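Participant: If you scroll down you'll find the structure; I have some questions about it.
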Amino acid sequence: MGLLDLFAGHVLFFLPLLLFPVPAAVARQEPLQSYIVQLHPREFTGDDATVTLASTNHDDWHISFLDKSVPSSSEVTQRPSSRLLYSYHTVFDGFAARLTAGEAAALRALPGVASVREDRRVELHTTYSYRFLGLSVCPTGAWARAGYGRGVVIGVLDTGVWPESPSFDDRGMPPVPERWRGACEAGERFNATSCNRKLVGARFYSKGHRANYPTDPSEAAASVPEYASPRDAHGHGTHTASTAAGAAVAGASVLGAGTGEARGVAPGAHVAAYKVCWFNGCFSSDILAGMDDAVRDGVDVLSLSLGGFPIPLFEDSIAIGSFRATARGVSVVCAAGNNGPEPSSVANEAPWVLTVGAATLDRRFPAYVRLGNGRVLYGESVYPGKVDLKNGGKELELVYAAGGSREAMYCMKGSLSSADVAGKMVVCDRGITGRADKGEAVREAGGAAMVLANSEINRQEDSVDVHVLPATLVGYQEAVELKNYIGSTPRPVAWIAFGGTRLGRARAPAVALFSARGPSMTNPSVLKPDVIAPGVNIIAAWPGSVGPSGLESDTRRSNFTVLSGTSMACPHVSGIAALVRSAHPSWSPAMVRSAIMTTADMTDHQGKPITDGDGGRADAFAMGAGHVNPALAVDPGLVYDIEAADYVTHLCTMGYTQREVFKITHSAVNCSELLERNEGFTLNYPSIAVAFKANGSDSSSTVVLRRTVTNVGAPNSTYTARVTAPAGVKVRVDPATLAFGQFGEKKSFEVWVDASAAGKKDSADGYLVWKQQSGGQGRRRTVRSPIAVTWPVE
């Protein structure tokens, strides 16, 4: 699913480090590791006096801490200043540096240092999707009303960009905004002239990566070619950037599959690429540097299709950097992660971030497996086959687990014997290695075709690939039947029939099986993910140096390829955020998010409830507020706004310590005093989430939440509340009617949630709808908020 199979899993890795002090003589022999150092923002304490930040520049100020913590002796060949990797001063106050564990411990003890934490590595979590979202050139549609996103800059933190892609052609684009302060950094195979009015900026950050993987990116192993520049060597960044804001490209396809006109969600928006991910993943120090520059450059939206497993917010560099970005008016959109369908697997949970899960399209690429016994198994593939594969008119012999080893079951590289598989159709189980890698292993062993078989954990999930040989992917049910057939006859045979591209025949959207689920592990009082968006089998731009399968051995070339993952869903919502920002440039990031959430769909294109990956009804923990609807998001009627100070109060209600709140927000607060001044505070979030104590008393089973909405629709309008309560839970809204006299007017209401009679359960969900009854012309607006209730076991 996207780079899940290129990088063998979207997971967050923790690099084990020694964290205890050691003698200086030993410390000098310790390996250097990158660390991120957070400082108190306004001043630092010198040896003799407290010196204000204004009295020195950031680099000198940061180096002064290294001078105090890095020992100087004849054995030290480099000055302490050479250890500095980055100085941060926009979304973060502090720096990144290469230190030993002992030096890191010494830094922690210095006055003015708020925290020192090890650098973390995270992984990277269309010709049709814009049409699926209802976007068209209709003069009254969302594109026209939002100016196609013109004037908005989307910053994409990823693997870089391939500037020659037709998706970044700037014909018809408006001039670069005068406020833009970005740069087009030259480097390997990337010139300062590589940018244009579409691609307005490109930077790259490799210091954190090099500190942990000393090999220069351009000198990496041949199997992972890389460029020491903003140029994309993997494709992930090019794919996500074009999904968000790619230009119109007629006749786009993946080697003939999925032919159509490719467009990004906000085709009039500008793109700035920040390359923070390399062949071994993405390091927090590089990500923070990219965010720091992006906000200073003047981006309006930040799109991050990367992350991992949920971790505390005060340890999460993306959460910390995005807080400052949000406070400065930048909308931050992040992928929810690909660790579904496990509960509480959602990543990027910060309440100031718009967190996006993945959903399916109604486009299919059928590739049927016709068995020798007459049975036909449904599969999918974008292999550019035009006719039945019969190897000269004869079926191919089927083989599974050739050689009898477990490695052969998964078609791992080198596990297949040519004597066993040459000229045959090989069945490969999903797992351990990437899907496309399995096809390469079969081809190298002389196999003629491959059937990729879902395991029980994959169920019927159907993320396709551009395989290097004729191949198809079958669901778990079909895989069981296929293997039973192989075991029932001495010479099983089959052939593959490729069915091209078919639109509108499948029920969609549905939540992708791999999409991470809530409830939030670190903050169950805020529902995550926020929304879902197209993220399965998304066709978008691809580099000219990489084959469409992503494999080095793939010599085919295509300007587009197909990927799946929440990485692909995220830029769809980044594009929608750009449309909303373009239509309403004065709106805060919270208002933009509210518009996207409260207008989301809970039904699919057949008017039925959106389903989950297993076919059942999707609940709020799988889809958040629902599937995005950009046509409605640009005109939501009412919005829920949140100020930066409200997030600080919210963190205090969660029980974070003053020190932890400072690490996240850079705000020095007294939580006791803050909560005393804001008794009964609840975050003005567009969704409603309540976490009751399991087996709690009746008094602890009732919660009152306060919300405030702002009228951004017609004046003199009235809205009435309608509630579908979670099963076993009573919900009351007071007042049940809101009457607005003018544009911009605010109205507050309370939501009473009573779970005293709910009985034993883990979770339940429902929704609150404010339905417009009067005011304005045209459609009556519907402002929907999901209600999610959990009973976590402490």
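The values are calculated or read from the model by the stated rules, or taken from the named source; none is laboratory data. Everything numeric in this text was worked out from a predicted model, so none of it was measured. Quick reminder, even Gly has a Cβ in these numbers, built from the backbone with ideal geometry, and neighbours come from all protein chains shown. To get the accessible areas, we keep the full protein, side chains included, count just its heavy atoms, and leave off ligands, DNA and RNA. Shrake-Rupley method; radii C 1.70, N 1.55, O 1.52, S 1.80 Å.
Participant: State which residue is surrounded by the fewest Cβ atoms within 10 Å (Cβ to Cβ) when the search covers only the stretch 453-465 and only residues that are in contact with an Asp or Glu (Cβ under 8 Å, 6 or more places away or on another chain) and aliphatic (A, V, I, L, M).
Facilitator: Ala453
Participant: Looking at the stretch 592-609, can you tell me whether even one residue there is more than 15 Å from the chain's Cα centre (by Cα), of a type in the set (Gly, Ala, Ser), open to solvent by 10 Å² or more (accessible area, probe 1.4 Å) and within 22 Å of Ile688 (Cβ to Cβ)?
Facilitator: Within the stretch 592-609 (the criterion being more than 15 Å from the chain's Cα centre (by Cα), of a type in the set (Gly, Ala, Ser), open to solvent by 10 Å² or more (accessible area, probe 1.4 Å) and within 22 Å of Ile688 (Cβ to Cβ)), the answer is no, since none of the residues qualifies.
Participant: When you go through (1) closer than 22 Å to Val346 by Cβ; (2) more than 24 Å from the chain's Cα centre (by Cα) one by one for Asn678, which number turns out not to apply?
Facilitator: With respect to (1) closer than 22 Å to Val346 by Cβ; (2) more than 24 Å from the chain's Cα centre (by Cα), Asn678 is out only on (1).
Participant: Kindly establish whether Ser344 is surrounded by fewer than 24 Cβ atoms within 10 Å (Cβ to Cβ), over 22 Å from Gly235 (Cβ atoms), of a type outside the set (Lys, Arg) and at pLDDT below 95.
Facilitator: yes
Participant: Go over the candidates Ser748, Ser756 one by one and state the one that is surrounded by fewer than 20 Cβ atoms within 10 Å (Cβ to Cβ) and in a strand (DSSP E or B). Don't jump to the end; show me each part of the working.
Facilitator: Working: Ser756 fails: in a strand (DSSP E or B).
Answer to the check: Ser748.
Participant: Specify which of the listed residues (Val690, Val704, Val709) is under 28 Å from Ala739 (Cα atoms), surrounded by fewer than 16 Cβ atoms within 10 Å (Cβ to Cβ) and out of contact with any His (no Cβ under 9 Å at 6 or more places or on another chain).
Facilitator: Only one candidate passes the filter, namely Val704.
Participant: Please find, within the stretch 469-524, the residue that is surrounded by the fewest Cβ atoms within 10 Å (Cβ to Cβ) out of those that are touching a Phe, Trp or Tyr at 6+ places or on another chain (Cβ under 8 Å) and hydroxyl-bearing (Ser, Thr, Tyr).
Facilitator: My answer is Thr501.
Participant: A follow-up question, please. In this structure, is Arg732 open to solvent by 20 Å² or more (accessible area, probe 1.4 Å), at pLDDT 95 or above, of a type outside the set (Phe, Trp, Tyr) and under 33 Å from the mean Cα position of the chain (by Cα)?
Facilitator: Answer is no for this residue.
Participant: While we're looking at this one, here's another question. Can you confirm whether the stretch 279-295 contains a residue that is in a loop (DSSP other than H, G, I, E, B) and under 25 Å from Asp169 (Cβ atoms)?
Facilitator: No, because not a single residue in the stretch 279-295 is in a loop (DSSP other than H, G, I, E, B) and under 25 Å from Asp169 (Cβ atoms).
Participant: With (1) part of a helix (DSSP H, G or I); (2) surrounded by fewer than 20 Cβ atoms within 10 Å (Cβ to Cβ) as the list, and Ala578 as the residue in question, which single condition is left unmet?
Facilitator: (2)
Participant: Something else about it: Looking only at residues that are within 21 Å of Gly728 (Cα to Cα) and touching a helix residue (DSSP H, G or I) at 6+ places or on another chain (Cβ under 9 Å) in the stretch 770-794, which one is modelled with the lowest pLDDT? Reasoning before the result, please.
Facilitator: Taking the stretch 770-794 and keeping what is within 21 Å of Gly728 (Cα to Cα), we get 784-793.
Filter once more, so that each one left must be touching a helix residue (DSSP H, G or I) at 6+ places or on another chain (Cβ under 9 Å): 784-788, 790.
Working: Arg784: 98, Ser785: 98, Pro786: 98, Ile787: 97, Ala788: 96, Thr790: 92.
It comes out as Thr790.
Participant: For the structure I just gave you, tell me whether Ser253 is surrounded by fewer than 24 Cβ atoms within 10 Å (Cβ to Cβ) and closer than 14 Å to Val161 by Cβ.
Facilitator: For Ser253, the condition - surrounded by fewer than 24 Cβ atoms within 10 Å (Cβ to Cβ) and closer than 14 Å to Val161 by Cβ - is not met.
Participant: Would you say Thr326 is modelled with pLDDT of 95 or more and assigned to a helix (DSSP H, G or I)?
Facilitator: Judged against the criteria, Thr326 is a match.
Participant: Which pairs do you get when a residue that is within 26 Å of Asp601 (Cα to Cα), found in the stretch 749-771, comes within reach of a residue that is small (Gly, Ala, Ser) and surrounded by fewer than 17 Cβ atoms within 10 Å (Cβ to Cβ), reach meaning Cβ atoms under 6 angstrom, with the pair 6+ apart or on two chains?
Facilitator: Ala764/Ala727
Participant: For the stretch 352-370, name all the residues that are under 23 Å from the mean Cα position of the chain (by Cα) and under 22 Å from Ile496 (Cβ atoms).
Facilitator: Result: Arg363, single match.
Participant: Restricting attention to the stretch 696-714, does a residue exist that is among the hydrophobic types (A, V, I, L, M, F, W, C) and over 33 Å from the mean Cα position of the chain (by Cα)?
Facilitator: Looking for residues that are among the hydrophobic types (A, V, I, L, M, F, W, C) and over 33 Å from the mean Cα position of the chain (by Cα), one finds at least one in the stretch 696-714, hence yes.
Participant: A follow-up question, please. Where in the stretch 620-685 are the helices (runs of 4 or more DSSP H), entirely inside, with at least 2 residues that are aliphatic (A, V, I, L, M) and more than 30 Å from Thr90 (Cα to Cα)?
Facilitator: Result: 620-623, 630-633.
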